[in-house]
Amino acid sequence: MKKYIIPLYLLLLATNLWASPLHSKLKHSIIIDTDCNDSDLRAISILLSHPGIIVKAILVSDGKLRREEGMKKIRSLLHRFNADKIQVETGTGRAERFLLSEILQASKEEMTIVCLGPLTNMVRELQGNQKVYKNIEEIIWYNESVNPLHGYNYEYDRTAVDLLFKSGIGIDIISTLNSEFVIFDHGFINQCRKAKTTLGKEFFTICKQSAESEKSVQSEELAAIYMANPELFEMTPSEEKATVHFNKKQNIQAIKEVVTDMITGRYKSGNFIAFYGFPANRELFVYDVRQIMDSAITRYGIDEWKACVMTDEFHGHLGVFSIVGAKMGIYAREYFGIGTDMLEINTYAGSREPLSCMNDGLQVSTGATLGQGSIHLINDTIAKPQAVFTYQNRSIMIKLKSAYLNELKSVIDEGVMNYGLEDEGYWTLIRRASIKYWLKWDREKIFDLVILYIDPANFISYMMRFIP
């Protein structure tokens with residue numbers, strides 16, 4: 001793979017900013033603000049155990065516990081999760097500024113702040129420092145009641161809530177909606193006792209120490225579950241402020257299953273739509289495809305395998321350019337470190353076969369589809385196996401190297417010359433070639449990647465990525 005840096009004056013030509021859905025990213029980096037009650041500790045345990053969530057720092061504030069006592073509990077919790085390297089500060093003076101402002105300003109990615117207590121720390125740090133706003137993806141805040149707002153986390157500092165709501169930062173408020181659905185009953189605690197996961201052991205310790213034999217999920221754990229599985233919560237915007245959303249409904253039965261699966265080790269995370277995993281039984285695949293299955297997954301990963309399989313089904317047959325499109329889409333997602341439905345694509349593959357078949361692979365592998373209006377066909381004079389991918393304020397072009405393009409043209413010409421487009425022999429040849437290139441061609445080697453646009457504010461940091 002080659003990477004080129006376009007001169008700065010050309011970078012300004014591609015300023016297409018595109019908002020992306022929050023919870024489709026492959027990984028989420030978060031900062032936690034906590035006052036360290038038992039529900040907070042359970043919520044933090046959920047976040048620490050989730051493979052798709054990276055906890056960058058924890059800010060401890062006053063609450064039912066003094067900060068010093070809370071710090072000890074958090075550090076002990078991190079040690080049990082083998083996460084001692086996570087920064088922990090008390091949320092006062094210089095320490096608070098370091099944890100929020102400096103981490104946010106130094107970050108090359110947007111972060112989510114999960115606030116399990118009052119919003120005092122958030123406002124104290126962020127007020128008058130709008131430079132860090134662009135690196136905050138959103139704030140997830142637990143409050144006892146959302147409509148209307150009341151409860152300890154709100155009443156503790158109403159002024160902070162009002163100021164943060166006016167900041168323009170996206171805020172999702174999570175509450176139990178006054179429901180008392182019991183999860184931590186005797187059966188659940190017994191499951192925790194038998195669990196081999198760190199999360200299960202942690203929950204058992206916390207629940208065992210509780211004064212109640214049964215306890216409802218009635219506080220901060222829901223904010224952590226929302227971070228892990230937002231699809232289980234129905235969110236609605238506030239009438240007063242469009243950037244503020246709150247949950248008006250939640251799937252209680254599914255939430256119970258999430259928590260149970262997490263403590264037993266059965267929980268799955270990833271970019272799934274309707275089912276977990278992908279058919280792994282070789283007998284479910286036709287005979288020639290199953291011959292490359294194990295090798296293709298080992299070399300290129302399950303995401304590419306899934307994209308290529310789904311592209312073939314969607315496309316109606318195995319095609320060389322549709323496979324190229326699937327590999328190209330996965331490569332683009334991999335470059336930006338994102339999931340599906342987060343890219344805008346301008347494709348130069350045209351509307352005539354066989355090159356246009358690449359567009360089907362791009363749609364399936366990225367989720368940028370005609371239906372969503374996120375893939376655009378560029379009517380150029382000559383179709384090319386290349387596309388421009390835009391994520392937020394960055395754009396790149398990926399194109400198939402000429403040597404590989406010439407090889408595909410040679411195969412197609414051979415098929416046309418020997419069989420003609422209407423002969424079954426042509427399609428057998430193309431199918432055989434598609435399977436061959438599916439396994440043989442490494443997406444990191446067959447494409448040239450050209451950086452078209454970088455946010456000028458981050459230009460130097462991006463340049464440093466390509467210096468050995």
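Any read-out appearing in this document is the output of simple, stated calculations on the displayed coordinates, not a laboratory observation. Just so we're clear, the structure is a prediction, and the values are computed from it rather than from any experiment. When we count neighbours, we look across all protein chains shown, and the Cβ atoms used for this are built from the backbone with ideal geometry, even at glycine.
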A correct Karplus calculation of ³J(HN,Hα) over segment 288-303, with 6.51 cos²θ - 1.76 cosθ + 1.60, θ = phi - 60°, whole Hz and x for Gly and Pro, returns 6, 6, 5, 5, 9, 4, 4, 5, 5, 5, 4, 6, 10, x, 5, 4
The answer for Val244, listing residues at least 5 apart or on another chain whose modeled amide H is closer than 5 Å to its amide H, is Ile171, Ser238
Sorted by chain and number, the residues with a modelled amide H under 5 Å from that of Ile54, at a separation of 5 or more or across chains, are His28, Ser29, Ile30
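Rounded, prolate or oblate: which fits segment 367-413 when a ≥ b ≥ c are the square roots of the eigenvalues of the alpha-carbon gyration tensor, with rounded for a/c under 1.5 and prolate only if a/b beats b/c? Intermediate results must be reported in sequence, preceding the final value.
Values: a/c = 2.46, a/b = 1.84, b/c = 1.33.
Cα axes put segment 367-413 in the prolate bin.
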Whole-Hz Karplus couplings 3J(HN,Hα) for segment 314-331, θ = phi - 60° and coefficients 6.51, -1.76, 1.60, Gly and Pro as x, run 5, 6, x, 6, 6, x, 5, 7, 5, 5, 4, x, 5, 5, 5, x, 4, 4
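Could you order the peptides 426-435, 286-295 from most to least packed, using the average number of other C-beta atoms within 10 Å per residue? Numbers along the way, then the final one.
Details: 426-435: 18.2, 286-295: 13.2.
Packing order, densest peptide first, comes out as 426-435, 286-295.
Mind checking the dipole of segment 27-264: about its Cα centre, +1 per Lys or Arg Cβ, -1 per Asp or Glu Cβ, Debye to the nearest 20?
Values: 29 positive and 34 negative charges, 165 e Å.
Dipole about the Cα centre, nearest 20: 800 debye.
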Computed about the Cα centre, the charge dipole of segment 252-371 from +1 Lys/Arg and -1 Asp/Glu charges at the Cβ has a magnitude in debye, to the nearest 20, of 220
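Using a Förster distance of 30 angstrom, determine the FRET efficiency expected from the C-beta separation of Glu424 and Phe285, and round it to 0.05.
Values: r = 21 Å, r/R0 = 0.71.
Calculated value: 0.90.
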A student applying the Cα gyration tensor rule (rounded when a/c is under 1.5; otherwise prolate if a/b is larger than b/c, oblate if not) would label segment 224-280 prolate
Rounded to one decimal in nm, the spacing of the 7 Å Cα→Cβ label points at Lys249 and Ser351 is 4.0
Taking a straight Cα-to-Cα line shorter than 23 Å from Lys445, and setting aside same-chain lysines fewer than 8 residues away, one finds Lys2, Lys3, Lys306, Lys327, Lys384, Lys399, Lys401, Lys409, Lys436
Given the candidates Tyr276, Tyr300, Tyr287, the one whose Cα lies deepest towards the positive end of the charge dipole of segment 243-301, counting +1 at each Lys or Arg C-beta and -1 at each Asp or Glu C-beta, is Tyr276
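Work out how much length Lys56 to Ile382 would gain on full extension: take 0.36 nm times their residue separation and subtract the Cα-Cα distance, in nm to one decimal. Don't skip to the answer; put the middle values down first.
On the way: separation 326, 0.36 × 326 = 117.36 nm, distance 4.75 nm.
Extra length from Lys56 to Ile382 when fully extended: 112.6 nm.
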Checking rank on 148-161, 303-316, with mean other Cβ inside 10 Å and highest first, the result is 303-316, 148-161
So Ala403 and Glu239, fully extended at 0.36 nm per residue minus their Cα-Cα distance, gain in nm 53.3 nm
